[in-house]
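Enquirer: The structure's right below; bear with me while I get my questions together.
The values are calculated or read from the model by the stated rules, or taken from the named source; none is laboratory data. Bear in mind that the values here come from a model prediction, so they are computed numbers and not experimental data. So basically every Cβ, Gly included, is an ideal-geometry build from the backbone, and we count neighbours across all protein chains shown. The area values use the complete protein model at the heavy-atom level, side chains included, leaving out ligands, DNA and RNA. Shrake-Rupley method; radii C 1.70, N 1.55, O 1.52, S 1.80 Å.
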Amino acid sequence: MSILGTSVTNVTATDADDPVYGNSAKLVYSILEGQPYFSIEPETAIIKTALPNMDREAKEEYLVVIQAKDMGGHSGGLSGTTTLTVTLTDVNDNPPKFAQSLYHFSVPEDVVLGTAIGRVKANDQDVGENAQSSYDIIDGDGTALFEITSDAQAQDGIIRLRKPLDFETKKSYTLKVEAANVHIDPRFSSRGPFKDTATVKIVVEDADEPPVFSSPTYLLEVHENAALNSVIGQVTARDPDITSSPIRFSIDRHTDLERQFNINADDGKITLATPLDRELSVWHNITIIATEIRNHSQISRVPVAIKVLDVNDNAPEFASEYEAFLCENGKPGQ
């Protein structure tokens, strides 16, 4: 992209003849090969560009054959040649361009946060730092759920998951991504914006998810004189998948070694199995398990804290036996 007449280099030829004897050592330079790209000044041998806006992406290397002829270049003069290799260095005169305008990716709804969803790439005909591009998500309905980072080695953009997905809530997202050159040369800003955009469609795939309890924890209260088999509370859970599976409930007996409680496997109602005594234990902490009937590997757990409420079931007791001594002539009210 150098302007017309830009100096490239100059060459020098020597002639062993006596420079004061006629024109025997008077040299004239010319180009035998390398036109119309380059020209040479006949007497100074300064080589210049002969065409404007030479394009490295079209041709990077040129071989220029230069002739030096004595006798002032007239017939009968002797000549010698040399070959000059001219290499065009790169400038940032090309914008990045996405390989395709639309990308499609699929991702399971239970994918781990930070997982790479896919890669997009904008090609740049320039090289080195002139080809470096940064990637951004500039629009779409998934800007809060996804992010894109630039891979400096592969020169592409990596789309990653930022927040959890839910197939049952939303099954697809559309993003508009942009690739922009990092190093802009202001001399070529008129050649257009050094950026490009592409559309990314992400389809969320359904995954079998475990049951979800209606609350992350449960707090129940029961009086210590509650009757056996009475219902003291209830937990509920559902299968979040579209093909909803029935749920069965159970108590993790490692958290209820004395088996003081039972649970209805179908409706999650917790009942009292053995008498409670607040004076012995105020709190009981158990864990309830919800299991999908259609897939027993899909289970969830929830902590349940049971507080035993006091009732007046204990008579007062004196701390010790008392003994008093009174003289026989004691007065009333003494």
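Enquirer: With springs only between Cα atoms under 10 Å apart, run a GNM on the chain and tell me which of 137, 184, 293 wobbles the most.
Expert: 293
Enquirer: For residue 293 and residue 326 in the same chain, what is the full-extension length gain: residue separation times 0.36 nm, less their Cα-Cα distance, in nm? Could the numbers behind the result be given before it?
Expert: Working: separation 33, 0.36 × 33 = 11.88 nm, distance 7.91 nm.
Extra length from residue 293 to residue 326 when fully extended: 4.0 nm.
Enquirer: Moving on. Which trypsin sites (Lys or Arg not before Pro) does the range 43-120 hold that lie in a coil by DSSP with at most 11 other beta carbons within 10 Å? Let's see the in-between values first.
Expert: Numbers: sites: 48, 56, 59, 69, 97, 119; in loops: 56, 59.
Passing sites in the range 43-120 are 59.
Enquirer: Just to confirm a number: summing +1 for Lys and Arg and -1 for Asp and Glu over residues other than residue 183 whose beta-carbon lies under 15 angstrom from that of residue 183, what do you get?
Expert: Working: positive: 187, 191, 195; negative: 90, 93, 124, 126, 129, 185.
With Lys, Arg at +1 and Asp, Glu at -1, the net is -3.
Enquirer: Tell me whether the range 102-238 comes out rounded, prolate or oblate; compute the Cα gyration tensor, take square roots of the eigenvalues as a ≥ b ≥ c, and use a/c under 1.5 as the rounded threshold.
Expert: Numbers: a/c = 4.41, a/b = 3.74, b/c = 1.18.
Verdict is prolate for the range 102-238.
Enquirer: Sticking with this one: Tally Lys/Arg at +1 and Asp/Glu at -1 over every other residue whose Cβ is under 11 Å from the Cβ of residue 245; what's the total? Kindly include the intermediate steps, with their values, before the conclusion.
Expert: On the way: positive: 238, 248, 294; negative: 208, 209, 239, 241, 292.
Overall, the nearby charge balance is -2.
Enquirer: So for the range 64-192, taking the charge dipole from beta-carbon charges (+1 Lys/Arg, -1 Asp/Glu), which of 102, 177, 165 sits furthest toward the positive end?
Expert: Value: 102.
Enquirer: Right, something else. May I ask you to list the trypsin sites (Lys or Arg not before Pro) in the range 274-324 that are in a DSSP loop and have at most 15 other Cβ atoms within 10 Å of their Cβ? All intermediate terms of the calculation are to be shown ahead of the outcome.
Expert: On the way: sites: 278, 294, 301, 307; in loops: 278, 294.
Here the sparse-neighbourhood loop sites are 294.
Enquirer: The list (1) 20.4; (2) 22.8; (3) 29.5 gives values of Kirkwood radius over Cα pairs in Å, and only one came from this structure; which label was calculated from it?
Expert: Working out Kirkwood radius over Cα pairs in Å from the coordinates points to (3).
Enquirer: Here's a follow-up. Would you please classify the overall shape of the range 94-175 from the alpha carbon gyration tensor, given that a ≥ b ≥ c denote the square roots of the eigenvalues, rounded means a/c under 1.5, and beyond that prolate means a/b larger than b/c while oblate covers the rest? Walk me through the numbers before you get to the answer.
Expert: Numbers: a/c = 2.73, a/b = 2.17, b/c = 1.26.
Prolate is the answer for the range 94-175, as a/c is 1.5 or above and a/b outweighs b/c.
Enquirer: Here's something else I'd like to know. Given 0.36 nm per residue, what is the gain on full extension from residue 266 to residue 16 after removing their alpha carbon distance, in nm?
Expert: On the way: separation 250, 0.36 × 250 = 90.00 nm, distance 11.12 nm.
Value of the extension gain: 78.9 nm.
Enquirer: Mind listing the phi-derived Karplus ³J(HN,Hα) values for the range 67-81, rounded to whole Hz, using 6.51, -1.76 and 1.60 with θ = phi - 60°, and x for any glycine or proline?
Expert: Along the range 67-81, the couplings run 10, 10, 10, 7, 6, x, x, 7, 4, x, x, 9, 9, x, 10 Hz.
Enquirer: Let me ask something additional. Run the numbers for residue 234 and residue 176: contour at 0.36 nm per residue of separation, minus the present Cα-Cα distance, in nm. Let's see the in-between values first.
Expert: Working: separation 58, 0.36 × 58 = 20.88 nm, distance 4.73 nm.
Taking 0.36 nm per residue and subtracting the Cα distance, the gain is 16.2 nm.
Enquirer: Would you check the range 97-205 for Lys pairs whose C-alpha atoms are within less than 20 Å, ignoring same-chain pairs closer than 8 in sequence, and give me the count?
Expert: 14
Enquirer: State, as an integer percentage, the relative contact order of the range 6-87 based on alpha-carbon contacts under 8 Å between residues 6 or more apart.
Expert: Details: 154 pairs, mean separation 25.9, N = 82.
Rounded, it is 32 percent for the range 6-87.
Enquirer: In terms of the Cα gyration tensor, with a ≥ b ≥ c the square roots of its eigenvalues, is the range 203-298 rounded because a/c is under 1.5, prolate because a/b exceeds b/c, or oblate?
Expert: Working: a/c = 2.74, a/b = 2.64, b/c = 1.04.
Cα axes put the range 203-298 in the prolate bin.
Enquirer: Around residue 307, what is the net charge, scoring Lys/Arg as +1 and Asp/Glu as -1 over all other residues with Cβ under 13 Å from its Cβ? Don't jump to the answer; show the numbers that get you there.
Expert: Working: positive: 278; negative: 221, 224, 310.
Around residue 307, the charge tally is -2.
Enquirer: Right, another one. Please report, to two decimal places, log10 I(q)/I(0) for the range 6-87 at q = 0.11 Å⁻¹ as given by the Debye formula with identical point scatterers on the Cα atoms and no solvent.
Expert: -0.32
Enquirer: Same structure again: Report relative contact order for the chain in percent, whole number only (criteria: Cα-Cα under 8 Å, sequence separation at least 6).
Expert: 12 percent
Enquirer: Further, regarding this structure: So, R0 is 41 Å and r is the distance between the beta-carbons of residue 85 and residue 111; what FRET efficiency does that work out to, to 0.05?
Expert: Values: r = 53 Å, r/R0 = 1.30.
Given R0 = 41 Å and the Cβ-Cβ separation, E is 0.15.
Enquirer: If you don't mind, another one. Place the peptides 314-323, 165-174 in order of packing, highest mean first, counting for every residue the other Cβ atoms within 10 Å and averaging per peptide.
Expert: Working: 314-323: 5.7, 165-174: 15.0.
Averaged packing, sorted descending, gives the order 165-174, 314-323.
Enquirer: Sticking with this structure for a sec: If the elastic network links every pair of Cα atoms under 10 Å, which of 313, 151, 267 fluctuates the most in the Gaussian network model of the chain?
Expert: 313
Enquirer: Accessible surface of residue 242 in the full protein assembly, 1.4 angstrom probe, to the nearest 10 Å²?
Expert: Number for this one is 100 Å².
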